[in-house]
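The values are calculated or read from the model by the stated rules, or taken from the named source; none is laboratory data. Everything quoted here is computed from the prediction, not taken from an experiment. Cβ coordinates were reconstructed from backbone atoms using ideal geometry, including for glycine residues, and neighbour counts include every protein chain displayed. Note: areas computed on protein heavy atoms with side chains; ligands, DNA, RNA excluded. Shrake-Rupley method; radii C 1.70, N 1.55, O 1.52, S 1.80 Å.
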Amino acid sequence: MKKINKRLLATAVAAALALPTAAHATNGYFAHGYGTKNKGLGGAGVALPQDSLAAATNPAGMVWVGDRMDLGAALFSPQREYTVTGAPSGAPGSFGLTPETVESDSDYFLIPHFGRNWMLDANSAVGISIYGNGGMNTDYPASAGGGAGTFFGGAFGGEAGAGVNLEQLFVDATYSRKIDDKSSWGASAILAYQRFEATGLTAFGAQGFSSDPTKLTDNGTDDSFGFGFKLGYQGEVAPGLTLGASYQSEMAMDEFSDYAGLFAEQGDFDIPATWTLGLAYDMGNSGTVVFDVQEIMYSDVASIANPLLPNLQTAQLGDSAGAGFGWEDITVYKLGYQWATSAEWTWRVGYNHGDQPIPNSEVLFNILAPGVMEDHFTFGFTKSTGADSEFNFAAMYSPSNSVTGANPLDPGQTIELEMTQWEMEASWAWKF
């Protein structure tokens, strides 16, 4: 049995590391939750650890989940499109787009996850959690723009099909320890890996907007590594009421050198810091209610937060003050309810809301990254399959949301970004 477990562990880690998959995540470009049980609760659970992915939310929770391994995958589907109305002005210095509605291709993504937790003794544990943090993906066809592409890359000798593909993978190595029989602390060292590709942006270089047009677009996939940390606390503050809190540092990543003429600060694309605070209230046989508040600090990363204007007029793409996506910080509220109908069945529902990060003044560049989702409705369950195993399922639906604003480089035009999402995730767990 130990040989089988070691072989399964090695296979799972290798598979997860080999398959960082792109997805246009749901709270900006962060996932709405981590681990199947957590996702069924709308991503809430900083004070309710339930599996070996708990470290992704709060490392303090790992000491409460026991010896276990979790392996699963999600099928994620974002349907995104943009609509341009109004004829381009043709004025000198303008950048008008073709009036049309264009849907992005690549609508399905497989997102694996893996976790393993080991109890060192009754009061301490170590674990590893591997998961996709999120990402951006758009893939607009070459047929847009009258056959020249969304941003007319084909008309300037580049690829016509426009889009970006950002994939991120986290590996959390965690130590957690009980303070007493009702509280704990934990810390994770995080290895982050990301890769990126952009296509169809040659026109921005041809018009002098880039500090290095050879490192702006169509350069294939580039990757980078970085490190960070996460700290967490969990403790009962009143009978049945548990408080959880965690902080994840900003992660300083290697630059995307092949896209140093696109991202501000010569290809820099750090991963923003987050903090999460939440409560779990155990109502006994009536179930458990969880509520989290999370802040994602996009504004601390120049390549994400710098606005298109006036930056595109005062600096070139890739410069320290170069234009970015103009994203703002967001606050996310997560509410979940979990109850058991028998020893074998546990059920979950959840709701997740966060204001989308894109101001209506930033719609042009965000055709590439339309992270406009705000409301997410979730459902999930756990079915015990034996004394030492279980099957978990979660589903998420995020109804259509949009942002509309004037084209900042041709204000007579209006651009609308729209997206709808759904996800289904399944996982198996083994307890040792």
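If a residue has to be hydroxyl-bearing (Ser, Thr, Tyr) and either over 30 Å from residue 288 (Cα atoms) or open to solvent by 30 Å² or more (accessible area, probe 1.4 Å) (or both) to count, how many in the stretch 219-248 make the cut?
We begin by selecting, within the stretch 219-248, every residue hydroxyl-bearing (Ser, Thr, Tyr); these are 221, 224, 233, 242, 246-247.
Then keep just the ones that are either over 30 Å from residue 288 (Cα atoms) or open to solvent by 30 Å² or more (accessible area, probe 1.4 Å) (or both); that gives 221, 224, 233, 247.
Of the residues in the stretch 219-248, 4 are hydroxyl-bearing (Ser, Thr, Tyr) and either over 30 Å from residue 288 (Cα atoms) or open to solvent by 30 Å² or more (accessible area, probe 1.4 Å) (or both).
In contact with a helix residue (DSSP H, G or I) (Cβ under 9 Å, 6 or more places away or on another chain), in contact (Cβ under 8 Å) with a residue 40 or more places away in the chain and not aliphatic (A, V, I, L, M): is that true of residue 354 in this structure?
no
For residue 62, work out the one condition from (1) part of a helix (DSSP H, G or I); (2) touching a strand residue (DSSP E or B) at 6+ places or on another chain (Cβ under 6 Å); (3) at pLDDT below 95 it doesn't fulfil.
Going through the list (1) part of a helix (DSSP H, G or I); (2) touching a strand residue (DSSP E or B) at 6+ places or on another chain (Cβ under 6 Å); (3) at pLDDT below 95, residue 62 breaks only (3).
Among the numbered conditions (1) of a type in the set (S, T, N, Q); (2) more than 30 Å from residue 346 (Cβ to Cβ); (3) open to solvent by 60 Å² or more (accessible area, probe 1.4 Å), tell me where residue 303 comes up short.
(3)
Kindly list, by first and then second residue, each pair from a residue in the stretch 103-117 that is of a type in the set (Lys, Arg) to a residue that is part of a loop (DSSP other than H, G, I, E, B), limited to pairs with Cβ atoms under 7 Å and residues at least 6 apart or on different chains.
116/52
Taking the stretch 416-432, which residues are among the aliphatic types (A, V, I, L, M) and touching a helix residue (DSSP H, G or I) at 6+ places or on another chain (Cβ under 8 Å)?
Listed by number, the residues that qualify are 417, 426.
From 283, 251, grab the single residue that is open to solvent by less than 20 Å² (accessible area, probe 1.4 Å) and either farther than 19 Å from residue 135 by Cβ or of a type in the set (A, V, I, L, M, F, W, C) (or both). Explain how you work it out, then say what you get.
Numbers: 283 fails: open to solvent by less than 20 Å² (accessible area, probe 1.4 Å).
Criteria check complete, one pass: 251.
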